[in-house]
1. Name the pairs: first residue in region 111-129 and under 22 Å from N141 (Cβ atoms), second residue aromatic (F, W, Y) and surrounded by 15 or more Cβ atoms within 10 Å (Cβ to Cβ), Cβ to Cβ under 6 Å, at least 6 apart or on different chains?
2. Residues of region 185-217 being out of contact with any helix residue (DSSP H, G or I) (no Cβ under 6 Å at 6 or more places or on another chain) and within 19 Å of G97 (Cα to Cα), which ones?
3. Out of curiosity, is L38 modelled with pLDDT of 70 or more, not in a helix (DSSP H, G or I) and not hydroxyl-bearing (S, T, Y)?
4. Considering only residues that are surrounded by 12 or more Cβ atoms within 10 Å (Cβ to Cβ), part of a helix (DSSP H, G or I), under 16 Å from the mean Cα position of the chain (by Cα) and not aromatic (F, W, Y), which ones fall in region 113-130?
5. Being part of a helix (DSSP H, G or I), of a type in the set (A, V, I, L, M) and within 17 Å of R126 (Cβ to Cβ) is the filter here, so list the residues in region 152-186 that pass it.
Amino acid sequence: MFFFFDYNKLDVFGDVLSGLEDWCIAFNNFAVTLFLYLKYIFAFVLICVGIFTIFDLREMHARSIIRSWTTNSSQNKDEIKDWEQIHPYKKIRLVLGSFYITMGLGIIFNFAVYFLIFCLDWLPDRFIFDFINFSGRIDPNNINRIEDVEKAKYPHEKTIYYCVAIASFGAILDVVLSIAYILNKSEVNHRKTTCQLIGGIILGMLVGWTTCLPLFL
C-alpha cells in the first residue's frame, strides 16, 4: 500500500513554516491592540503615581500642622522640626508628582511620546541586535528589518520587533516605578527596589528605550 502514498504532497517543513507565519500574523494583530491598551494603562499609572505622590506630601504636611495646633509642647515642636529634616526633598516630591501627571497626560495626547523619543533616542541601546549578529555574517538588511517595524517584509520580522518592544515597555515601567518608590518611601530598605531599577536599566540598554514608543502613536 506504500506505492499509493504520494510523498510529494507531504511537505511537513513547509506546513510548519506556513503555520508559524500564520501564528505570527495573529500575534502581530494582537500586539497592535496590546500597545493601544498599554498606552492608556501606562498613562493612567503615571497620573496615579503623580497624584499619590502629591497627596502623600500634603497629608504629611497636614499632620504636622495639626500636631502644632493641638499642642505647643517642646516635644511636639521637636517632632515637627525632625520631620522637616527627614524630608528635605519634599519639593522634589512635588516636582516629581507634577512631572508624572504631565507625562501621563502627554502620553494620552502624544506630545510626551515625541518628547521621550527625542530625549532617549541619543542613548546607546538595542545591544540585543549586536548580540544576534555577533559573528557579522547576517545580512545587515535583515537586521534592519527587525529593528524597524516599518521596514519588515515578513510577519515573523514584525513579531520579533513586537517582542523586543514589549520588553522595552517593561524596562521603562521598571525604571519609572522604581524611581517613584525610592523617592516616596525613603524610610524603607530599597535593596529590592534598587535591584529592580538596575535590572530595568540593563533591559532598556539591551532592547532599547524608544523601541516601544512609536507604537504608542
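The values are calculated or read from the model by the stated rules, or taken from the named source; none is laboratory data. Predicted model, so just to flag it, every value in this text is computed and none were measured. Every residue, glycine as well, gets a Cβ built from its backbone with ideal geometry; the counts of neighbours run over all protein chains shown.
1. D125/W209
2. K185, S186, E187
3. no
4. Within region 113-130, V113, L116, I117, L120 meet the criteria.
5. I160, V164, A165, I166, A167, A171, I172, V175
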